[in-house]
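What follows is one structure encoded as structure tokens, with my remarks underneath.
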Amino acid sequence: MNDHAFMGRALELAALGQYTTDPNPRVGSVVVRDGNIVGEGAHWSAGAPHAEIHALQAAGDLARGATVYITLEPCSHHGRTPPCADALLAAGVGRVVVAMQDPNPLVSGRGLERLRAAGIAVDTGVLEFEARALNPGFVRRMHSGRPWVRVKLASSLDGRTAMASGESKWITGPAARRDVQHWRARAGAILTGSGTVLADDPHLTVRLSPAELLADRGIDPTRYPELKDMPIRQPLRVVVDSQLQMPRGARLLDGGPVLVLTSAARADSEKADELRRRGAEVTALAPHATSDTLGQLHGRGPEGLGIPEPVASDALGGFQGQGAEELAVTGWAADQPPDAGRQDDELTVMTGEQDSRLDLSAVLDLLGERGVNELHVEAGSGLAGALARWGLVDEWLFYLAPCLMGSGARPLLDWPLQQMAERAELDVFACDWVGDALRLRAYPLPASTV
Ligand SMILES: NC(=O)c1ccc[n+]([C@@H]2O[C@H](COP(=O)([O-])OP(=O)(O)OC[C@H]3O[C@@H](n4cnc5c(N)ncnc54)[C@H](OP(=O)(O)O)[C@@H]3O)[C@@H](O)[C@H]2O)c1
């Protein structure tokens, strides 16, 4: 076996923590001596020992002179646990191989420096892409302060997500709905809209344990005793509800933490107090800003795809009728692309009236501050469409069911584009059958390439 194979095993171990480590990253480690694995470890939950500490403990004296593979740079600071770089030095390891540096700019590189300064051979970048892909939310939050936004939508083959009446149970079968449990469980928070709460009265809870979820993904949980009693972690469920329309008796209010985001006026109301008495946190957020909108329009492509260029003014058509009542747009037309180097090409969007709807960028900032790495969105065409229009989607998770729902049914997204040039292109990077549904995973492509 070579470096890649041992790091591959460390990544498998890291993935064991995908439902439990939040807000920490998923990390795995193996200790290798004379070509054999003599110790393995995974990080299981925040506050618990880091993966390399488990692996060193399992290896015992065999760690001396061994090579240690870790999917993330070892820490060099005192957090909830002592620095792992010190533990590696104390164990007398001979070489350390790391998949990726810690993306936290305050930490990045220091753990590696500490090892190198002590004379340890250090190699980095082995299976780095895979290590980053396992932790998109942690990487995104460390870089931007916001979570990785994954929007799930189940639709018919003609792209419909609910009947005109709002009825949508069930478009997909039990296999796809069980698969959705995996994505909810990975997330630090689940975001929905007032429309979905009113129409479906969903729970939006995780109902499978980490052991059951891993078994669904072909991992034998009995190999890992730590998993046996690992409880279900309920992500924070978040409702965007500027008018505080959600019913007092909503099922969402049962079964775990709930955050209701609303306007300042509604946050200070009797209805808000009733929701609080039912255990919800009700917090006021500002409505959309009247300018500085272009920043929101910049798509936030996945790591590695780069930050897209500003979209052309044509793409703003989608804002009309969406709360931005009177748009005055200065900037460039689609057929007159800006000079990339000029600051004064900035596009300004001003609304004649303040949009009463919540600023979705502020929603992401708030959730990032609360340590949410991955945000799973299960909403209707209203909220999903708004996130798309504002360039806030990092990943799409589509389930296409083998049925047709007709032209009266609701679309995937409230996003009234007018011209082909405005269409949003996607990079579909995974396509799998889940029961009788086709599951597509896609990244939005940078607006500049559309
Ligand atoms: N097929 C699926 O995967 C799926 C998943 C979930 C739901 N659904 C179906 O979707 C239907 C509900 O869809 P819906 O569109 O009515 O509800 P929704 O998307 O759940 O809720 C609409 C939300 O969008 C927000 N919103 C709209 N434009 C906005 C903007 N520009 N800025 C900020 N927030 C904005 C609204 O905020 P305010 O409350 O502040 O106005 C509201 O929270 C139901 O029939 C449900 O069954 C289908």
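Annotations
- Cross-link partners for Lys271 among the lysines, with Cα-Cα distance under 30 Å and sequence neighbours closer than 8 places in the same chain left out: Lys152, Lys169.
- Anisotropy class of region 1-84 from Cα gyration tensor, a/c 1.5 cut: oblate
- Contact order relative to length of region 31-145, as percent, for alpha carbon pairs under 8 angstrom and 6 or more apart: 21
- Spin-label model, Thr283/Asp268: points 7 Å from Cα along the beta carbon direction are separated by 1.9 nm.
- Between Ser144 and His77, the FRET efficiency estimated from the beta carbon spacing at R0 = 25 angstrom works out to 0.70.
- Region 1-98 - share of DSSP beta bridges that are antiparallel (%, nearest 5): 70
- Net charge contributed by nearby residues that have their C-beta within less than 12 Å of Ser29 (K/R +1, D/E -1): -2
- Modelled label positions at Met163 and Arg223, each set 7 Å beyond Cα in the direction of Cβ, lie 4.7 nm from each other.
- Highest average packing first - 137-148, 426-437, Cβ atoms within 10 Å: 137-148, 426-437
Values in this text are rule-based calculations from the coordinates and carry no lab data. Fair warning: this is a prediction, and the values are worked out from it, not measured in the lab. Every residue, glycine as well, gets a Cβ built from its backbone with ideal geometry; the counts of neighbours run over all protein chains shown.
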